[in-house]
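A.B. asks: First the structure, then my questions, so here it is.
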Amino acid sequence: MHGVAAPVAAEMGLTLVERDLRSDPELDALYRHDIPVLLLDGREVARHRVSAEDLRARLREMAGEKIREI
């Protein structure tokens, strides 16, 4: 997933931070069988695999939701 997420994050002005979810008991319990998982502000964006096109669409959707929350 990193190979897709890193360039999409860069083009959208986001910073990709990799973490070992197994070091966080709460995240490990949630995602133990779903690694890799991509989160944005604690919200799930994708699990396992995602295409660049689908990732861009999901991030735009999430940005729109965030704007409406303000």
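The values are calculated or read from the model by the stated rules, or taken from the named source; none is laboratory data. Remember, predicted model here, so these are calculated numbers, not experimental data. Note that each Cβ is placed from the backbone with ideal geometry, even for glycine, and that neighbours are counted across all protein chains shown. These accessible areas exclude ligands, DNA and RNA; they are computed on the full protein's heavy atoms, side chains included. Shrake-Rupley method; radii C 1.70, N 1.55, O 1.52, S 1.80 Å.
A.B. asks: What is the helix-to-structure angle for 2-11, meaning the angle in degrees between its Cα long axis and the longest Cα principal axis of the chain, kept from 0 to 90 and rounded to the nearest 10?
C.D. replies: The answer is roughly 30 degrees.
A.B. asks: For helix 52-69, what angle does its Cα long axis make with the longest principal axis of the chain, in degrees from 0 to 90 and rounded to 10?
C.D. replies: Value to nearest ten degrees: 80.
A.B. asks: Which label belongs to the value computed from this structure, given these candidates for Cα extents along the principal axes in Å: (1) 31, 29, 18; (2) 31, 22, 18; (3) 51, 24, 15?
C.D. replies: Only one option fits the structure, namely (1).
A.B. asks: How much accessible surface area, in Å² rounded to 10, belongs to the heavy atoms of ASP20 with a 1.4 Å probe?
C.D. replies: Using a 1.4 Å probe on the heavy atoms, I get roughly 70 Å².
A.B. asks: Check each of the trypsin sites (Lys or Arg not before Pro) in the chain and keep only those in coil by DSSP with at most 16 other C-beta atoms within 10 angstrom; list them in order. Let's see the in-between values first.
C.D. replies: Working: sites: ARG19, ARG22, ARG32, ARG43, ARG47, ARG49, ARG56, ARG58, ARG60, LYS66, ARG68; in loops: ARG19, ARG32, ARG49.
Taking the chain and a limit of 16 other Cβ atoms within 10 Å, the loop trypsin sites (Lys or Arg not before Pro) found are ARG19, ARG32, ARG49.
A.B. asks: If you take every residue apart from ARG19 with its C-beta less than 13 Å away from the C-beta of ARG19, what net charge results, scoring Lys and Arg +1 and Asp and Glu -1? Before the final figure, lay out the partial values.
C.D. replies: Details: positive: ARG22; negative: GLU18, ASP20, ASP24, GLU26, ASP28.
Here the charged neighbours net out to -4.
A.B. asks: Which distance in nm do the two modelled labels at GLU18 and ARG47 give, with both placed 7 Å along the Cα-to-Cβ direction?
C.D. replies: Result for the modelled spin labels: 2.2 nm.
A.B. asks: Per DSSP H run of n ≥ 4, the term is -39500 (n - 2.57); total these for the chain, divide by its residue number, and report the mean residue ellipticity at 222 nm rounded to 500 deg cm²/dmol. Display every interim value, and only then the final one.
C.D. replies: Numbers: 3 runs with 35 residues, N = 70.
The per-residue figure over the chain is -15500 deg cm²/dmol.
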